[in-house]
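Computed from the coordinates by the stated procedures, all read-outs in this text should not be read as laboratory data. Here the structure is a predicted model, which means the values were calculated and not measured. No Cβ is skipped: glycine too gets one built from the backbone with ideal geometry, and neighbour counts run over all protein chains shown.
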Amino acid sequence: MISICIPIYNFDVSNLVEKLNNLSKSLEVPSEIILIDDCSDVFFKEKNENVCKKHNYIKLEKNIGRAAIRNRFLKYANYDNLLFLDCDSIVYDDDFLVKYIEVIKKEPNKVLCGGRVYENQSPKRNKRLRWKYGKIRESKPFYKRNLNPNKSFMTHNFVVNRKIFETINFDERLTDYGHEDTLFGFQLKKRNIQVRHIENPILNGDLEDNGVYISSTETAIGNLVEILGFLNCDKDFIKDVSLLNVYFKVVKFKALIGVGFKIFKPLLKKMLSLGFVNLYLFDFYKLGILIFKIKDRDIKCSYN
């Protein structure tokens with residue numbers, strides 16, 4: 001019935017696997033837990049060994065990235081529905097698996113997203129950027145996510161039917177962090193496969209330090225530019241991605257914005273790194289990074 005798929009990279013998954021193992025015992029349908037370690041450090045491999053070896057546990061000798069590792073689960077999954085969870089997920093609802101099973105039974109052959117939430121209490125300043133961005137921009141109730149379901153697709157907590165996943169994979173040309181889910185959601189949309197969002201969230205269990213998150217965001221924007229090139233500046237894709245949409249609305253002023261960004265980038269980065277978080281300033285920072293990455297990769301788009 002359901003294969004629970006957890007890609008691992010440098011994270012202790014003991015609590016997550018134990019929780020899912022306990023929940024799966026009460027299911028009235030067959031299930032399994034599959035874990036693939038994407039060449040984590042030895043410390044984490046040793047931490048995870050005892051709990052993971054009780055399940056289908058695969059350890060890769062070379063890191064293959066966030067897109068390729070998710071595709072790899074097709075090789076090992078025995079059931080028709082694959083539930084993907086990020087390794088830093090915290091499952092806090094004892095009906096988490098049951099809720100997915102109920103929807104799968106009623107509406108098979110669908111892509112389902114359960115969502116993600118963040119702690120209400122503000123963390124220390126050194127982790128406040130990721131928390132505030134996630135809580136305000138990402139953590140939305142299912143009815144809001146369903147207003148634009150494919151655009152709202154994210155990989156941290158979703159179910160995909162095997163037949164769909166065999167047809168539409170994650171693009172393995174993307175080896176760095178970021179936007180592999182954006183492209184996957186867009187490819188589903190192009191094939192008229194709608195994502196359905198339900199209220200079945202996991203809790204984000206690992207907030208990056210501000211500096212790490214800024215660096216990850218810059219890498220993700222690089223991936224976004226790569227995708228723009230893959231898709232030959234597809235207008236529908238640009239329309240679906242807020243950052244690209246803004247870029248092409250202000251493209252006539254990109255030189256002026258670029259100069260302003262270059263001047264203020266050190267100050268902006270320092271403020272964000274120290275946890276003085278204003279999401280509009282963060283948006284401007286991302287737009288500046290995008291302008292220079294498009295320039296560096298010499299991506300030329302005609303978009304009106």
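So what is the relative contact order for the range 1-145, in percent, with contacts set as C-alpha pairs under 8 Å and at least six apart? Please list the in-between numbers first.
Values: 171 pairs, mean separation 42.0, N = 145.
Relative contact order, the range 1-145: 29 percent.
Rounded if a/c is under 1.5, else prolate if a/b beats b/c, else oblate: with a ≥ b ≥ c from the C-alpha gyration tensor eigenvalues square-rooted, which is the range 1-80? Intermediate values should be presented prior to the final figure.
On the way: a/c = 2.54, a/b = 1.33, b/c = 1.91.
Because a/c hits 1.5 or more and a/b fails to exceed b/c, the range 1-80 counts as oblate.
For the range 2-207, give the magnitude of the charge dipole about the Cα centre (Cβ charges: +1 Lys/Arg, -1 Asp/Glu; no others), in debye to the nearest 20. Before the final figure, lay out the partial values.
Values: 36 positive and 28 negative charges, 171 e Å.
Result for the range 2-207 is approximately 820 debye, rounded to the nearest 20.
Kindly identify the range 212-296 as rounded, prolate or oblate by the Cα gyration tensor criterion: order the square roots of the eigenvalues as a ≥ b ≥ c, call it rounded if a/c is under 1.5, otherwise compare a/b with b/c, prolate if a/b is larger, else oblate. Each step should come with its number before you reach the end.
Details: a/c = 1.99, a/b = 1.55, b/c = 1.28.
It is prolate, given that a/c is not under 1.5 and a/b is the larger ratio.
Which one is right for this structure if mean projected area of the Cα convex hull in nm² is calculated from it: [x] 13.6; [y] 15.9; [z] 14.7?
[y]
Nearest 10 degrees, 0 to 90: what angle lies between the long axis of helix 14-25 and the longest principal axis of the chain (Cα atoms)?
50
Could you tell me what percent of the DSSP beta bridges with both partners in the chain are antiparallel, to the nearest 5? The partial results should precede the final answer.
Details: 10 of 30 bridges.
Within the chain, antiparallel bridges account for around 35 percent of the total.
What Kirkwood hydrodynamic radius do you get for the range 120-181 when you take the inverse of the mean 1/r over all pairs of distinct Cα atoms, in Å?
Final number for the Kirkwood radius of the range 120-181 is 14.3 Å.
Of Ser14, Ser89, Ser139, which has the largest mean-square fluctuation in a 10 Å C-alpha GNM of the chain?
Ser14
Could you size up the charge dipole of the range 212-296 around its Cα centre, putting +1 on the beta carbon of Lys and Arg and -1 on that of Asp and Glu, and report it in debye to the nearest 20? If you can, show how the numbers build up before the last one.
Numbers: 12 positive and 7 negative charges, 83 e Å.
I would put it at about 400 debye.
If I build a Gaussian network model for the chain, linking alpha-carbon pairs within less than 10 angstrom, which residue out of Leu207, Leu231, Leu174 has the largest mean-square fluctuation?
Maximum fluctuation in the GNM of the chain, among the listed residues, is at Leu231.
Students often get this wrong, so check it: of Lys127/Lys262; Lys269/Lys295; Lys110/Lys163; Lys151/Lys190; Lys249/Lys300; Lys151/Lys269, which have C-alpha atoms separated by over 19 Å?
From the list (Lys127/Lys262; Lys269/Lys295; Lys110/Lys163; Lys151/Lys190; Lys249/Lys300; Lys151/Lys269), the Cα-Cα distance tops 19 Å for Lys127/Lys262; Lys269/Lys295; Lys151/Lys269.
In a GNM of the chain with a 10 Å cut-off on Cα contacts, which of Lys110, Lys132, Lys270 has the highest mean-square fluctuation?
Looking only at Lys110, Lys132, Lys270, the largest GNM fluctuation is found for Lys270.
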